[in-house]
Amino acid sequence: MHKQTVEDNVNITVLVSVGEHPLSKRPRRAEQDARALEIGLNVPDTNLQVMHAGAANNVQTNTVLKDYLGMGLPEIKLLNIPHENDSLTALINTFDKNIPDILLTGIRAETGESSGMTPYVLSEKLGMALVPSITEILCINKTAGYAELLQALPRGQRRKISVKLPFVATVDMAAQAPRQSAFGAAMRGKITVIDTIAAHTDSAGSASISPDLTNCETLQAEWKITPAQPRPKRLKIIKAKTAADRFKAATAKAQGGAGKVIYNNQEAADAIFKILKDEKVL
Amino acid sequence: MSNLFRRDPRAQWIARNRLHPLHVPEGQLVQRGPTGLLRKNVHAIGFIGPNGLKRIDRSGAAGSFKQLNRQSAQGSKSAAQEEIVLPLHKVANPDFYILVVVDGVSGRLSSHDRDILGLAHKLATQPATIENDAAFDKGTGGNEARTGAGVDAGVGVDPGERTGAVVAVFFDTITEEKLDTAGIDRLVNFEGNEYQQYNPEKRCADLYKLVNQINPKHILFPDSIHGGADLGRRLAAKLNTTVASNVWKVNGNQIVCRGSAGKTDITRPITNIMLALEECNEPVSDTRHECKVLEQPLIPLPKQASDQTLEQAITNTYEQKITDLGNESVNPNDINLAEAGFILSGGNGITDWDQFHHAAAILGATEGASRVAVDDGFMPRERQVGATGTWVTAKVYIAVGISGAIQHMQGIAQCEKVIAINTDDSCDMVKRADLSAIGDSSAILAALLDLVHEQKSALKGNQKRDQKNNNATSDTSGLTPYRATAKNAPEAQHA
């Protein structure tokens with residue numbers, strides 16, 4: 001894959017995962033991953049690969065992967081991983097041989113710990129740059145070796161970023177909504193299973209890649225996982241030393257300082273203009 | 001003169017007779033009873049309690065002086081002058097460090113930052129029950145020398161009495177005024193032009209260096225979109241460890257975090273790097289802290305082979321792969337109403353809708369509407385603000401011709417500054433608003449737009465003058481526009 005093609009095609013790999021509906025708990029397309037795939041599908045003239053790391057021959061995985069295939073993909077590669085925990089090692093081993101130019105993922109998984117570390121570990125191990133929460137790929141220049149992206153910021157703002165190829169990018173929920181999944185396309189697409197046990201034996205250094213991470217996963221047995229409880233609301237703590245102070249705090253009226261009222265049009269406009277200036281919204 | 005009290009019937013008569021020309025109103029005069037005792041005038045002191053009963057605070061506390069008329073003048077003055085000075089929390093020789101990397105949006109501490117600092121203070125001062133070495137060692141990653149330093153510091157100290165210091169890391173200039181009450185024992189401030197832009201790689205490299213130097217016990221980040229979540233994971237990947245994200249509770253050596261995108265609670269042992277949610281802990285409120293600039297420990301001389309890795313780590317350079325090209329201008333009406341920062345909302349009182357849309361475009365505000373305006377077909381349904389539409393969180397909310405139905409007031413409850421433009425000065429919106437303009441909305445909007453136009457034309461004039469000056473003096477005028485945008489970028493981002 002590393003050969004320089006004449007057409008200057010960009011290799012994009014999208015990592016997709018199995019999502020979970022927040023209420024019904026049914027498996028579904030992960031929302032952010034589907035958006036990442038949508039971004040990948042919208043870049044013209046690319047070698048788009050879609051990859052999932054998980055257990056093969058699983059009914060739930062297959063239905064969800066069909067949902068992804070229904071977005072108009074010819075093929076999804078499934079890295080067969082018997083245990084959930086080895087997915088990072090397997091992914092690193094796979095990408096070590098042929099690094100894609102662009103690796104797109106969601107920000108966090110919808111199941112499990114969802115610590116959001118996968119893209120960060122991949123970028124660190126593979127020596128790729130990482131751009132968090134993008135919404136759009138503006139342009140890719142493979143010969144010059146850079147791409148321009150739009151990044152989502154709070155309050156609906158966007159930042160333009162130039163990044164060197166190859167890079168990992170996580171896709172924000174502010175990106176374009178994914179297209180519907182079509183049944184016919186889903187039936188035509190195929191799931192290619194790649195066994196990772198062979199890949200394991202190939203690379204001798206696979207065990208040394210992340211000893212801490214594997215160590216961490218043995219610790220997960222100690223974890224206690226329960227359905228999320230509503231978080232307690234923060235109470236206003238009154239630190240009164242005397243009974244009188246406590247009494248005051250309990251009986252005092254809220255200091256709802258009544259706002260200014262202006263009856264003159266020009267004065268009002270001046271005052272509003274001043275507030276807008278002070279709040280830096282103009 | 002004897003001290004014997006003599007009645008003055010005439011003075012008493014004047015005091016009783018409110019119509020007497022020499023009468024002084026009650027309370028301003030020292031009142032004496034018939035036997036000469038000083039009398040409190042109970043009608044002039046006290047306050048009315050919640051159920052309409054008169055209450056008198058006789059506790060003698062500072063505040064209670066205010067209600068006593070006799071001492072009102074001097075009492076209120078002393079109460080105003082008296083400012084509570086919190087005790088200073090000092091850590092002279094910390095046994096370990098808790099590192100907190102605050103967001104510091106535009107140089108200030110957000111409430112999220114303060115919560116994280118409160119959590120750090122709790123971790124630094126809580127009596128160490130069981131040292132969880134497992135989590136600690138894991139964090140040292142590929143650098144064995146750091147554990148050595150940590151053990152040295154703990155030698156000869158009873159594990160129950162170990163005290164830590166909270167180290168706060170700020171990037172860019174600090175503009176926060178109340179730093180000392182936030183719970184910061186030591187301060188590290190990375191300053192420079194490069195931090196005014198988006199450069200997560202540089203920040204991560206700096207943090208990596210700092211972590212290798214001070215060997216913190218825990219590293220806390222706010223799990224926020226302002227950069228904390230990203231930076232924490234970057235650092236964890238670099239240190240070859242994992243994070244606990246969405247932490248919302250810390251109980252001794254156990255933490256509770258949200259997993260599965262908020263659907264589950266995971267109770268797990270405490271980790272080295274934690275990304276904590278808002279309200280994970282109460283902010284520090286009882287103590288002042290030193291905010292001493294952390295004198296960074298010198299790099300130890302290489303004695304063993306392992307020290308070389310430390311030195312390597314400290315001198316580790318990074319490759320900058322990400323370049324910030326500045327903020328894009330966003331069409332305000334493309335911003336989701338729930339996260340818009342500036343909303344101009346129109347209601348039943350608007351007669352000229354074209355002017356309203358024009359004003360929104362000129363001010364750069366996102367358009368909102370009340371239910372009536374939507375029902376009448378002047379605005380689309382997704383623009384409706386309120387409990388039945390969208391709950392908004394704008395910094396500035398201008399309500400034009402909206403009297404304020406209760407559903408609408410609920411929807412704007414989280415807005416910071418509310419400005420009302422209305423013809424009725426008794427409506428609910430005016431009661432809620434920080435500033436109310438009473439009058440014809442189209443006239444007020446027109447006056448406001450005139451002001452904006454004036455300002456814009458004045459700015460343009462200035463820019464032209466500046467450009468002329470630049471051309472005359474130096475050749476680098478081509479660089480100035482780009483620099484200006486880069487400097488404005490962080491402000492614009494948080495606007």
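The values are calculated or read from the model by the stated rules, or taken from the named source; none is laboratory data. These numbers come from a predicted model, not from an experiment. Quick reminder, even Gly has a Cβ in these numbers, built from the backbone with ideal geometry, and neighbours come from all protein chains shown.
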Selection over segment B:182-213 where residues are within 30 Å of B:Val85 (Cβ to Cβ) and crowded, with 18+ Cβ neighbours inside 10 Å yields a count of 7
Among the residues of segment B:254-276, the number that are surrounded by 20 or more Cβ atoms within 10 Å (Cβ to Cβ) and assigned to a loop (DSSP other than H, G, I, E, B) is 3
Within segment A:82-112, can you find the residues that are closer than 20 Å to A:Arg29 by Cβ and modelled with pLDDT under 90?
A:Glu84, A:Ser87, A:Thr111, A:Gly112
Looking for whichever is under 34 Å from the mean Cα position of the chain (by Cα), surrounded by 14 or more Cβ atoms within 10 Å (Cβ to Cβ), farther than 30 Å from B:Arg381 by Cβ and at pLDDT below 90 here; the options are B:Leu310, B:Leu294. Which one fits?
B:Leu294
Looking at segment A:128-144, can you tell me whether even one residue there is closer than 17 Å to B:Tyr198 by Cβ, more than 7 Å from chain B (Cβ to nearest Cβ) and more than 19 Å from the chain's Cα centre (by Cα)?
no
With the requirement that a residue be more than 8 Å from chain B (Cβ to nearest Cβ) and in contact with a strand residue (DSSP E or B) (Cβ under 6 Å, 6 or more places away or on another chain), what does segment A:107-121 give you?
A:Ile107, A:Pro119
Here, strands (runs of 3 or more DSSP E) confined to segment B:322-385 with at least 1 residues that are loosely packed, with under 15 Cβ neighbours inside 10 Å and more than 29 Å from the chain's Cα centre (by Cα) are none
Within segment A:24-53, the residues that are aliphatic (A, V, I, L, M) and either under 20 Å from A:Val193 (Cβ atoms) or outside any helix (DSSP H, G or I) (or both) are A:Ala30, A:Leu37, A:Val43, A:Leu48, A:Val50, A:Met51, A:Ala53
Scan segment A:76-85 and tell me whether some residue there is under 27 Å from B:Ile225 (Cα atoms), away from chain B (no Cβ under 14 Å) and not small (Gly, Ala, Ser).
no
Output yes when any residue across segment A:11-33 is surrounded by fewer than 16 Cβ atoms within 10 Å (Cβ to Cβ) and either closer than 21 Å to A:Tyr146 by Cα or of a type in the set (Phe, Trp, Tyr) (or both), and no when none is.
no
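So, in segment B:197-227, exactly how many residues are among the β-branched types (Val, Ile, Thr) and within 13 Å of chain A (Cβ to nearest Cβ)?
Residues meeting the conditions: 1.
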Unique residue being crowded, with 21+ Cβ neighbours inside 10 Å, within 25 Å of A:Thr63 (Cα to Cα), in contact with a strand residue (DSSP E or B) (Cβ under 7 Å, 6 or more places away or on another chain) and of a type in the set (A, V, I, L, M) when the list is A:Leu103, A:Leu130
A:Leu103
Just give me the residues in segment B:346-361 being within 19 Å of B:Lys417 (Cβ to Cβ) and within 14 Å of chain A (Cβ to nearest Cβ), in sequence order.
B:Ala359, B:Ala360
Evaluation of A:Gln180 against (1) within 22 Å of B:Arg203 (Cβ to Cβ); (2) assigned to a loop (DSSP other than H, G, I, E, B) (one fails), failing number:
(1)
Out of A:Asn98, A:Asn93, A:Asn62, which single residue is within 24 Å of A:Phe167 (Cα to Cα) and surrounded by fewer than 18 Cβ atoms within 10 Å (Cβ to Cβ)?
A:Asn98
Name, by its number, the condition in (1) over 25 Å from A:Asp96 (Cβ atoms); (2) of a type in the set (S, T, N, Q); (3) crowded, with 22+ Cβ neighbours inside 10 Å that does not hold for A:Thr170.
(1)
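A quick yes/no check of all residues on (1) surrounded by 15 or more Cβ atoms within 10 Å (Cβ to Cβ); (2) in contact with a Gly (Cβ under 7 Å, 6 or more places away or on another chain); (3) at pLDDT 80 or above; (4) not in a helix (DSSP H, G or I):
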| site | (1), (2), (3), (4) |
| --- | --- |
| A:Gln176 | no, no, yes, yes |
| A:Met187 | no, no, yes, no |
| A:Ile194 | yes, no, yes, yes |
| A:Ala199 | yes, no, no, no |
| A:Ile209 | yes, no, no, yes |
| A:Glu217 | yes, no, no, no |
| A:Ile238 | no, no, no, yes |
| A:Ala258 | no, no, no, yes |
| A:Phe273 | yes, no, yes, no |
Of the conditions (1) in contact with a Gly (Cβ under 6 Å, 6 or more places away or on another chain); (2) without any contact (Cβ under 8 Å) to a residue 12 or more places away in the chain; (3) not β-branched (Val, Ile, Thr), B:Ala369 satisfies every one except a single condition; which number is it?
(2)
Kindly indicate whether B:Ala405 is facing chain A (nearest Cβ under 10 Å), among the small types (Gly, Ala, Ser) and under 25 Å from A:Asn265 (Cα atoms).
no
Among the residues of segment B:427-441, how many are more than 10 Å from every other protein chain (Cβ to nearest Cβ) and surrounded by fewer than 18 Cβ atoms within 10 Å (Cβ to Cβ)?
1
Any chance B:Ser245 is facing another protein chain (nearest Cβ under 10 Å) and modelled with pLDDT under 90
no
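Which is more than 8 Å from chain B (Cβ to nearest Cβ) and either basic (Lys, Arg) or on the phi < 0 side of the Ramachandran plot (or both), of A:Leu91, A:Leu153?
Numbers: A:Leu153 fails: more than 8 Å from chain B (Cβ to nearest Cβ).
Checking each option against the conditions leaves just A:Leu91.
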Quick one: what pairs do we get from segment B:1-22, first residue under 20 Å from B:Leu38 (Cα atoms), second of a type in the set (A, V, I, L, M), C-beta under 7 Å, 6+ apart or different chains?
B:Ile14/B:Leu22; B:Ala15/B:Leu29
